[in-house]
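The values are calculated or read from the model by the stated rules, or taken from the named source; none is laboratory data. Small disclaimer: the values here were computed from a predicted structure and weren't measured. Reconstructed Cβ throughout: ideal geometry from the backbone, glycine too, with neighbour counts over all protein chains shown. Keep in mind that these areas ignore ligands, DNA and RNA; they rest on the heavy atoms of the full protein, side chains included. Shrake-Rupley method; radii C 1.70, N 1.55, O 1.52, S 1.80 Å.
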Amino acid sequence: MVATPMMKQYEEAKSACPGALLLFRMGDFYELFHEDARKAHRLLGITLTSRDKSENPIPMAGFPHHQLEGYLAKLIAAGCHVAVCDQTEDPKRAKGLVRREVTRVVTPGTVTDEALLDPRANNFLTAVVAGETVGLAWIDVSTGRFFATTFPPDRLADELARIGPAEILVSEDAPELSENIVRDIPVTKRSSWTFSPAASDKVLGKQFGTMSLEGFGFNEEDSTAVCAAGAVLEYIHETQKSELTHIDRLQHYRS
């Protein structure tokens, strides 16, 4: 079956956000297709239909655009990553296909919408870097509170229990975290380069306008903590698609 221009547009947006459910704005509705539609049907209880009546119809499910926050909250609570693709021009003025772009990617650890947050608790995104010492970084994206520290490997479970993260980032080539450590916390695997010293120095230096983190109290012994912090910040830049000026310092946590 030949893809329509709109479905080509959908596939382009979907390929730009691998691993995320794509909410694709079509008029007054957000629609999901293929396996995303089946998953939304299971998680949200919305009706599963199809876009056409061919021998291999495309599964489709959707909901009115004004119900976005409610359904988004349910998907995030289920540990999903969600990309929102909006119409970025007035359909009445569009010549041909309406322009659409992914305007935000929301994950359990990067929620900033007040409607999706518990005002009584922090919502921490955490990254773990294992070595002779474990590097740990955590941030509440909505407030900009950003911390990093190192400690012996046998303290990882206790530190994660203390922080209570909403999402944990790990390198794709790192050993699996044991179930008794992560419990029901969503774990997101990221490219190993985002945890490298070079990448971390670059993204942190650009964010804080510094050549090093010595002014924040970090030294060579804190290398794993700095790598974890860099991975956290890279992930936030990728998902938020906005300025992060409120994140203006990294605090060296000491128990």
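Between the amide H of residue 167 and those of 126, distances stay under 5 Å, these residues lying 5 or more places away or on another chain, with hydrogens modeled in the peptide plane.
Dipole orientation for the chain: of the candidates 239, 115, 94, 94 has the Cα lying most toward the positive pole (charges on Cβ; Lys, Arg +1; Asp, Glu -1).
Our estimate of slack between residue 237 and residue 193, defined as 0.36 nm per intervening residue step minus the Cα-Cα distance, is 14.3 nm. Cross-link reach is defined here as a Cα-Cα straight distance under 30 Å, omitting same-chain residues fewer than 8 places apart; for residue 95 the lysines meeting it are 8, 14, 53, 241. Protein heavy-atom surface of segment 91-224, 1.4 angstrom probe: 50% of the accessible area is carbon and sulfur, with nucleic acids and ligands not counted. Kirkwood hydrodynamic radius of the chain, from the reciprocal of the average inverse Cα-Cα distance over all distinct pairs: 19.7 Å.
Going by a ≥ b ≥ c, the root eigenvalues of the Cα gyration tensor, does segment 1-76 fall in the rounded group (a/c under 1.5), the prolate group (a/b larger than b/c) or the oblate group? Could you put the intermediate results ahead of the total?
Numbers: a/c = 1.65, a/b = 1.38, b/c = 1.20.
In terms of gyration-tensor shape, prolate.
Values of log10 I(q)/I(0) for segment 25-130 across q = 0.13, 0.17, 0.22, 0.24 Å⁻¹ run -0.59, -0.91, -1.25, -1.35, by the Debye formula with one identical scatterer at each alpha carbon and no solvent. Ordering 132-139, 42-49 by mean Cβ neighbour count within 10 Å, with the highest value first, yields 132-139, 42-49.
Take the solvent-accessible surface of the protein heavy atoms, probe 1.4 Å, and return the percent of it on segment 1-86 that carbon and sulfur atoms account for.
Working: 2440 of 4450 Å².
Ligands and nucleic acids excluded, carbon and sulfur reach 55 percent.
Springs join every pair of Cα atoms under 10 Å in this Gaussian network model of the chain, and among 103, 150, 245 the largest mean-square fluctuation is at 245. Averaged per residue, the chain has 53 square angstrom of accessible surface, using a 1.4 angstrom probe with ligands and nucleic acids left out. Each Lys and Arg Cβ is given +1 and each Asp and Glu Cβ -1; about its Cα centre, the chain then shows a dipole of about 940 debye.
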